[in-house]
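As structure tokens, the structure follows; a few thoughts come after it.
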Amino acid sequence: MINVIVCMKQVPDPEAPPSAFKVDTEAKKVVVGSGVPPVMNPFDENALEAALKIKDTVLAHITVICAGNNLSLPVLRRALAVGADDLILLQDNLFTNLDSFSTARILSAAIRKVGHFSIILTGRQASDTDAGMVGFGIAEILAIPVISLARKISIIDNRLIVEQVLSDGYHVSESNIPALMTVGGEMDSLRAATLKALLEAKKKPVLTWHINDIGFAQSDLKIPNIMKIFAPQPKGEVCKFITADSEEQAGINLAHELIQAKLY
């Protein structure tokens, strides 16, 4: 049995319009409008799809762990509907606005409490912070190998064969089990859940653990010290249309504009 753990984060919908987000410079935070729904982090959805692909080929058990506060069960139960076996919520008022290392620590503590694991999968980064550090932190804390940007994962003779994305192609890496892999958009999108599966997911039990359940104290958690936050304001024209009587002249005019702007 291959035990796969997928670390999932709930985020504000990244497809929401920019007008739905406001920067509060005094409070040093981004305020999300009430009309923006919570969703699974898109890269974590890719990680869950990677786990499901493993389960399609070998006997596997998938546990999804999500940490935060005010977590939305209907959103996260979708993981059960598409094929995950267990869903664990690390939910506590203290699990808000943590730094990447604290997040990695509480996820690692939960993974240790789950017990046996063969593979840990995380998204390459979260859409709300784009930090991309939690997966590496978990691997460091658990002292296991990590392979970043996996686009294909195979298990042969109890070893991992991973196609790792490069800027100009991919590299094949091999690792012992257990290991952690980060997954990006190069992996397929998360498969759709059927209506029947969504209804059945509502009946499945969900574990909820608080800070004391995983052996943590408030003093173990750190919040980032944000020095300044602001929304950059565009200078000058955001967009300029180049016009001409012919395509050839439009190209010449465009070249002149780029040279004048010192962009060419």
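Which condition does Ala110 not pass, out of (1) more than 16 Å from the chain's Cα centre (by Cα); (2) aliphatic (A, V, I, L, M); (3) closer than 24 Å to Ala193 by Cβ, if it passes all the others?
(3)
Every residue, every condition in (1) touching a helix residue (DSSP H, G or I) at 6+ places or on another chain (Cβ under 6 Å); (2) aliphatic (A, V, I, L, M), yes or no:
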{"residue": "Glu163", "(1), (2)": "no, no"}
{"residue": "Ser175", "(1), (2)": "no, no"}
{"residue": "Asp188", "(1), (2)": "yes, no"}
{"residue": "Ala201", "(1), (2)": "yes, yes"}
{"residue": "Ile223", "(1), (2)": "no, yes"}
{"residue": "Ile229", "(1), (2)": "no, yes"}
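How many residues, within the range 119-147, are surrounded by fewer than 19 Cβ atoms within 10 Å (Cβ to Cβ) and not aliphatic (A, V, I, L, M)?
Qualifying residue count for the region: 8.
Quick one: in the range 174-203, which of the residues that are β-branched (Val, Ile, Thr) and part of a loop (DSSP other than H, G, I, E, B) is surrounded by the most Cβ atoms within 10 Å (Cβ to Cβ)?
Filtering the range 174-203 down to residues β-branched (Val, Ile, Thr) leaves 177, 182-183, 194.
Narrowing the set further to residues that are part of a loop (DSSP other than H, G, I, E, B) leaves 177, 194.
Values: Ile177: 15, Thr194: 11.
Applying the filter and picking the extreme gives Ile177.
Can you tell me which residue in the range 245-264 is nearest to Gln91 (Cα to Cα), limited to those that are in a helix (DSSP H, G or I) and of a type in the set (Asp, Glu)? First the steps, then the outcome.
Start the filter on the range 245-264 by keeping residues that are in a helix (DSSP H, G or I), which leaves 247-260.
Still in the running and of a type in the set (Asp, Glu): 247-248, 257.
Working: Glu247: 59, Glu248: 61, Glu257: 54 Å.
Within the range 245-264, the match that is nearest to Gln91 (Cα to Cα) is Glu257.
Out of the range 9-45, which residues are of a type in the set (Asp, Glu) and loosely packed, with under 12 Cβ neighbours inside 10 Å? Break it down stepwise before answering.
First, pick out the residues of the range 9-45 that are of a type in the set (Asp, Glu): 13, 15, 24, 26, 44-45.
Within the range 9-45, Glu15, Asp24, Glu26 qualify.
Before we move on, is Ile242 exposed (fewer than 12 other Cβ atoms within 10 Å of the Cβ), in a loop (DSSP other than H, G, I, E, B), in contact (Cβ under 8 Å) with a residue 12 or more places away in the chain and at negative phi? Outline the logic, then answer.
Details: exposed (fewer than 12 other Cβ atoms within 10 Å of the Cβ): no; in a loop (DSSP other than H, G, I, E, B): yes; in contact (Cβ under 8 Å) with a residue 12 or more places away in the chain: yes; at negative phi: yes.
No.
Going by the conditions given, is Lys222 under 36 Å from the mean Cα position of the chain (by Cα), part of a loop (DSSP other than H, G, I, E, B) and more than 30 Å from Leu87 (Cα to Cα)? Steps first, please.
Numbers: under 36 Å from the mean Cα position of the chain (by Cα): yes; part of a loop (DSSP other than H, G, I, E, B): yes; more than 30 Å from Leu87 (Cα to Cα): no.
Here the answer is no, as Lys222 does not meet what is asked.
Please state which one of Leu207, Leu121 is over 20 Å from the mean Cα position of the chain (by Cα) and within 30 Å of Asn97 (Cβ to Cβ). Walk me through it before giving the result.
Numbers: Leu121 fails: over 20 Å from the mean Cα position of the chain (by Cα).
After applying the criteria, what remains is Leu207.
Being more than 24 Å from Ile155 (Cα to Cα) and more than 23 Å from the chain's Cα centre (by Cα) is the requirement here; does Ala217 meet it?
Details: more than 24 Å from Ile155 (Cα to Cα): yes; more than 23 Å from the chain's Cα centre (by Cα): yes.
In short, yes.
Being at pLDDT below 95 and either surrounded by 14 or more Cβ atoms within 10 Å (Cβ to Cβ) or out of contact with any Gly (no Cβ under 8 Å at 6 or more places or on another chain) (or both) is the requirement here; does Val6 meet it? Spell out the reasoning first.
Details: at pLDDT below 95: no; either surrounded by 14 or more Cβ atoms within 10 Å (Cβ to Cβ) or out of contact with any Gly (no Cβ under 8 Å at 6 or more places or on another chain) (or both): yes.
Here the answer is no, as Val6 does not meet what is asked.
Among the residues of the range 208-219, is any part of a strand (DSSP E or B) and either at negative phi or of a type outside the set (A, V, I, L, M) (or both)?
Going through the range 208-219, the residues part of a strand (DSSP E or B) turn out to be 208-209.
With either at negative phi or of a type outside the set (A, V, I, L, M) (or both) added as a condition, the list becomes 208-209.
For the range 208-219, residues part of a strand (DSSP E or B) and either at negative phi or of a type outside the set (A, V, I, L, M) (or both): present.
Could you give every pair whose Cβ atoms fall below 6 Å, whose first residue belongs to the range 139-168 and is in the same structural domain as Leu107 (by TED's automatic domain parsing), and whose second residue is at pLDDT 95 or above and among the hydroxyl-bearing types (Ser, Thr, Tyr), counting only separations of at least 6 or pairs across chains?
These pairs meet every condition: Ile141/Ser108; Leu142/Ser108; Ser148/Thr182.
Need a quick list: strands (runs of 3 or more DSSP E) entirely within the range 1-53 having at least 2 residues that are of a type in the set (A, V, I, L, M).
Working: elements: 2-8, 10-12, 21-24, 29-32, 38-40.
The qualifying strands (runs of 3 or more DSSP E) are 2-8, 29-32, 38-40.
Just one of the numbered conditions (1) of a type in the set (Lys, Arg); (2) modelled with pLDDT under 85; (3) touching a helix residue (DSSP H, G or I) at 6+ places or on another chain (Cβ under 6 Å) is not true of Lys235; which one?
Of the numbered conditions (1) of a type in the set (Lys, Arg); (2) modelled with pLDDT under 85; (3) touching a helix residue (DSSP H, G or I) at 6+ places or on another chain (Cβ under 6 Å), the odd one out for Lys235 is (3).
The values are calculated or read from the model by the stated rules, or taken from the named source; none is laboratory data. Computed from a prediction, not measured in an experiment: that's the story for all the values here. Neighbour counts run over all protein chains shown; Cβ positions are idealised from the backbone, glycine included.
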